[in-house]
Amino acid sequence: LTFGSARASALIFHQLLPEMLRILTLLTLATCGACGAECGEECVNDVNVASGSSAASRSQSLLQVAKTQTGGYEIGGDNTQSCSYQRERLPTPAECMEAAGALGKNYGFTGSYAGWPRDCFMYRDVIYFNEDQVTCSGRDSARLICKRVETTTTTTTESLPNVVSYEIGAPGFDCAVGHVVSTHVECASSELLTAVGLSFSNWVSTHNLQFGCLYSSSLHSLFFNYYEGGSVDYNYMPVCKTESSPVIRNFNIGVFDTNSCAAGNPIQDVELCREAAAFFGEVFSAEGSYSGYPQGCFKFLNGDVYWNRHEGNLPSPNAAPICMG
């Protein structure tokens, strides 16, 4: 057949191109390389974001990546599988057709063409969409069609549930896991008593026992000792508390002979002062009203930690304020 115009010749070429691509595929058997059953990262230039949890104690951070098209379409380089920086391939035939119109090019066909670029590409001024995800590859004179995008990353934090558990520890004053229950209210709470399967007897304040919530095997019940800094009776066992997502606080020790925080804020209650003592690996000795010492939580020269209710708030060479933050 003889065609009298270049237009007719171009039409025949575009009609025969799918068969030409199939024949070239059989001859070249081009693949993406040693990447297994799929092209994987050799054929993909997208940002992959895996959801997961962080090691945060009371919350997890979720990384979210969003891509916004900031401009039109453009013709990329040839013999490549990747668009340039802040450029992205067109993932659907519909968008490929839209790009052809925007670029003033003819759209050829949608098909599966081994050995040709994945997704939207241009060959001899005609745009095609390649659905082959396995044996795609860059090719001379085949140029990717890309869109301009801007990547924005946001991090959101969501709270994790805090699962609390209780158990009876080994005889002594400390817990191998978790910490000793340090308030009368919690020691006598229904949640704790249900968890350990015991009843609460009474509270005491004696120097002959360790501080906190204790289990008496002879009485087979719990009681709470308010006295802090007493001797340890190994006939009694502490009630221990563990938390899956505890609130983590940071504490710092100020300068001796001062009455204010060098950093952070004053500790507001005795329970936080006990927590600060544990944070530094020190003993919480007692709470009381001590004139001539800093108000609130302070560390004595011997390392013991005290809670001072006295409002004089005077510096002492023997004490350093403990602050939070």
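In the set (1) open to solvent by 40 Å² or more (accessible area, probe 1.4 Å); (2) assigned to a helix (DSSP H, G or I); (3) modelled with pLDDT of 90 or more, the condition left unmet by residue 193 is number (1). The residues in the range 72-86 that are open to solvent by 30 Å² or more (accessible area, probe 1.4 Å), under 19 Å from residue 139 (Cα atoms) and either charged (D, E, K, R) or in a loop (DSSP other than H, G, I, E, B) (or both) can be counted, and the count is 6. The single residue among 320, 286 that is among the hydrophobic types (A, V, I, L, M, F, W, C), modelled with pLDDT under 90 and under 40 Å from the mean Cα position of the chain (by Cα) turns out to be 286.
Only residues that are open to solvent by 60 Å² or more (accessible area, probe 1.4 Å), at pLDDT 90 or above and in a loop (DSSP other than H, G, I, E, B) were counted across the range 106-139, and they come to 4. Scan the range 224-244 and give yes if some residue there is under 22 Å from residue 161 (Cα atoms), open to solvent by 60 Å² or more (accessible area, probe 1.4 Å) and not in a helix (DSSP H, G or I), otherwise no. Yes, that holds for at least one residue. All conditions but one from (1) open to solvent by 40 Å² or more (accessible area, probe 1.4 Å); (2) among the aliphatic types (A, V, I, L, M); (3) in contact with a Pro (Cβ under 7 Å, 6 or more places away or on another chain) apply to residue 248; the one that does not is (3).
For residue 255, the stated conditions hold: it is surrounded by fewer than 17 Cβ atoms within 10 Å (Cβ to Cβ) and out of contact with any helix residue (DSSP H, G or I) (no Cβ under 7 Å at 6 or more places or on another chain). Taking the criterion of being assigned to a strand (DSSP E or B) and open to solvent by 40 Å² or more (accessible area, probe 1.4 Å), would at least one residue in the range 268-284 satisfy it? No: the range 268-284 contains no residue that is assigned to a strand (DSSP E or B) and open to solvent by 40 Å² or more (accessible area, probe 1.4 Å). Considering the range 158-170, the residues that are under 17 Å from residue 198 (Cα atoms) and assigned to a loop (DSSP other than H, G, I, E, B) include one that is least open to solvent (accessible area, probe 1.4 Å), namely 169.
The residue pairs whose first member lies in the range 96-118 and is over 16 Å from residue 139 (Cα atoms), whose second member is assigned to a helix (DSSP H, G or I) and open to solvent by 70 Å² or more (accessible area, probe 1.4 Å), and whose beta carbons are closer than 7 Å, counting only pairs six or more residues apart or on different chains, are 107/97. Exactly one residue among 182, 217, 165 is farther than 23 Å from residue 244 by Cβ and among the small types (Gly, Ala, Ser), and that residue is 217.
The values are calculated or read from the model by the stated rules, or taken from the named source; none is laboratory data. All figures in this text were calculated on a predicted structure; none of them were measured in a lab. Please note: Cβ atoms are built from the backbone with ideal geometry, for glycine as well, and neighbour counts cover all protein chains shown. Just the protein is used for accessible areas: all its heavy atoms, side chains included, with ligands, DNA and RNA removed. Shrake-Rupley method; radii C 1.70, N 1.55, O 1.52, S 1.80 Å.
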